[in-house]
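Presented below is the structure to which this report refers.
The values are calculated or read from the model by the stated rules, or taken from the named source; none is laboratory data. Since we're looking at a predicted model, the values are computed, not measured. Virtual Cβ from ideal backbone geometry, glycine too; neighbours counted across all protein chains shown. For the accessible areas, the whole protein counts, side chains as well, though only heavy atoms, and no ligand, DNA or RNA atoms are used. Shrake-Rupley method; radii C 1.70, N 1.55, O 1.52, S 1.80 Å.
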Amino acid sequence: MSMQATDETRAAGRGHDAGDVALAPVSVVIPCFRCAGAIAEAVASVAAQTLRPAEVLLVDDCSGDDTLQALHRVASQHEDGWVRVFALPQNGGPSRARNVGWKHANQLYIAFLDADDSWHPRKLELQMAALDADPSIALIAHRMTVRDRDSALPALRPPVRTAIVGRRRLLLNNPFPTASVVLRRDLPFRFNENFRRVEDFLLWAQIAYSGYRCAKLNQVLASWHKSNYGAGGLSGDLAAMHAAGREVGRELLRQGLVSRPEHCVARVLGAVRRTRRNLLMLARRQADRIRHQRTA
């Protein structure tokens, strides 16, 4: 059943004042694993927001290197208490790290950012304006792009529009990149810690298929700084990602959140999408091989 936001949440959309600075009632949760070289830039993109969040929570997922020291160093570079650092005693994956941050969050909304991604300066300003205009929205996201760290930020393309995302859209693929999501802290869901891949889509689908209103802005307001596919890290393992995606579909079916026909449609669309990606990767490898032969 769709739930309306509380009066407190409606007021939160307009932000509140901390001294002379208006802050968004948002807790930013960043899971951190061996990210000492990237975390400062990620937090800097949060600090550069035209409407800054009230707090940032960095959760070290038992990195075992100098990441934890780097997190404390970043925290010390900002006003006291704005960045809080948590250290997990053992590695639990991004789901557990995000859940720990969620548990310790003090604000009415949660925003997610990965340590190797960054935000556009107006991200929170535009998302909170959309939430203020429609307080019944429980989750709001936006578009993202792959961008080199030293390249220019993508320009906004007015007018800024907010579209409600229906359940059929989620059958096609994941429309909500993790670093784009802002959601209500009081939602009765959390990341499933049994999933280390596609765990984000499982949560978004649980929210949407349970009747909560989800929306997306038509703007690119965050950047990945590595390719989603064919790169290192969890997302680089395509076969494992596809297998996890199928398991997420079965989990949604088991929970009764999708029907058997919807599950079958999603499976077919997923197979088509995988085939297309495999063909694109094959074409890219062939093009790279030809360029290498020409320059050899």
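Counting only helices (runs of 4 or more DSSP H) wholly contained in the range 1-94, the ones carrying 1 or more residues that are open to solvent by less than 20 Å² (accessible area, probe 1.4 Å), modelled with pLDDT of 95 or more and among the small types (G, A, S) occupy 39-47, 67-76. Scanning the range 171-183 for residues that are farther than 16 Å from R143 by Cβ and within 16 Å of the chain's Cα centre (by Cα) gives a single hit, L183. Look through the range 184-218, keep the residues that are of a type in the set (D, E) and under 14 Å from the mean Cα position of the chain (by Cα), and return whichever of them is farthest from L170 (Cα to Cα). Here the answer is E199. In the range 275-286 there is no residue matching the filter, namely being part of a helix (DSSP H, G or I), without any contact (Cβ under 8 Å) to a residue 24 or more places away in the chain, touching a His at 6+ places or on another chain (Cβ under 6 Å) and open to solvent by 30 Å² or more (accessible area, probe 1.4 Å). Number of residues in the range 222-258 that are loosely packed, with under 14 Cβ neighbours inside 10 Å and modelled with pLDDT of 85 or more equals 4. Across the range 199-219, a minimum of one residue is classified as out of contact with any helix residue (DSSP H, G or I) (no Cβ under 9 Å at 6 or more places or on another chain) and basic (K, R). Set side by side, the residues V146, V181, V165 differ, and just one is open to solvent by less than 50 Å² (accessible area, probe 1.4 Å), in contact (Cβ under 8 Å) with a residue 24 or more places away in the chain and more than 20 Å from V43 (Cβ to Cβ), which is V165.
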